[in-house]
1. Hey, of (i) -0.28, -0.41, -0.96; (ii) -0.42, -0.52, -0.97; (iii) -0.34, -0.47, -0.97, which did the structure itself give for log10 I(q)/I(0) by the Debye sum over Cα atoms at q = 0.09, 0.11, 0.17 Å⁻¹ when calculated?
2. Would you mind getting the accessible area per residue of the chain, heavy atoms of the protein chains only, 1.4 Å probe, in Å²?
3. Straight-line reach only, C-alpha to C-alpha below 20 angstrom: list the aspartates and glutamates that residue 47 could link to, leaving out same-chain residues fewer than 8 apart.
4. If R₀ is 35 angstrom, what is the calculated FRET efficiency for the pair residue 121 and residue 8, using the beta carbon separation as r and rounding to 0.05?
5. Where in the chain are the DSSP H helices whose C-alpha atoms run 27 Å or more along the long axis and whose mean Kyte hydropathy is at least -1.0?
6. Please report the carbon-and-sulfur percent of the accessible area for the chain; probe 1.4 Å, protein heavy atoms only, DNA, RNA and ligands left out.
7. Counting only helical runs of four or more DSSP H residues, what would the 222 nm mean residue ellipticity of the chain come to if each run contributes -39,500 (n - 2.57) and the total is spread over all its residues?
8. Pick out, from 81, 70, 20, the residue whose Cα sits farthest towards the positive end of the charge dipole of the stretch 5-87, with +1 on the Cβ of Lys and Arg and -1 on the Cβ of Asp and Glu.
Amino acid sequence: MSEKSIALDVAAFLDSREAAALDGVPRAEQRRLCEHFFAACYRDLGKKPALLDGNDVEQLLRELLPGRLAPRDSGAQHLAALLAALFAHVRANAVLIHAFEIERALDEHLDACVDAIASGRNAAAQLATNAKPVVYGAPKLGRNDPCSCGSGKKYKKCHGANE
């Protein structure tokens, strides 16, 4: 569901008046940054952009977007204009309940987000999102092995009896 929602929202924005007004931002850059924004909304926050509040936007700008963009990403210079156009598009097409909170969060945290990406300080966040899951090396307990609870019975007669 989220892949389809992301693709539809990106296409809707790129076809909008707000996207056409972004003269200095190349179309490919608009698409790439929009995909990151909508992916952060749907996958990381689990919300549609129209349902975001100030705290969600703060989390987007402080953690999620810097974690999705590469250190010293060239798109950082266009991020402020693109986010303003994105929220204008959302406001034009849906009821934006927390519009005031979103504007305050954008004003308050956008510069820090752009600075973190442009300076490369977002590398730690990106490494954390790309980390591989922990794989434990303990062998699997077999049916005829002694139970791990210490009862002295075989696993199949103790805690494995209900399986």
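1. Computed from the coordinates, log10 I(q)/I(0) by the Debye sum over Cα atoms at q = 0.09, 0.11, 0.17 Å⁻¹ corresponds to (ii).
2. Values: 10040 Å² over 163 residues.
Roughly 62 Å² per residue, with all protein chains present.
3. Output for residue 47: 3, 9, 35, 56, 58, 63, 101, 103.
4. On the way: r = 33 Å, r/R0 = 0.94.
It comes out at approximately 0.60.
5. 99-119
6. Values: 5290 of 10040 Å².
Heavy-atom surface of the chain belonging to carbon and sulfur, 1.4 Å probe: 53 percent.
7. On the way: 8 runs with 83 residues, N = 163.
Mean residue ellipticity, 222 nm, calculated: -15000 deg cm²/dmol.
8. Looking along the dipole axis, the top candidate is 70.
The values are calculated or read from the model by the stated rules, or taken from the named source; none is laboratory data. All figures in this text were calculated on a predicted structure; none of them were measured in a lab. Note that each Cβ is placed from the backbone with ideal geometry, even for glycine, and that neighbours are counted across all protein chains shown. For the accessible areas, the whole protein counts, side chains as well, though only heavy atoms, and no ligand, DNA or RNA atoms are used. Shrake-Rupley method; radii C 1.70, N 1.55, O 1.52, S 1.80 Å.
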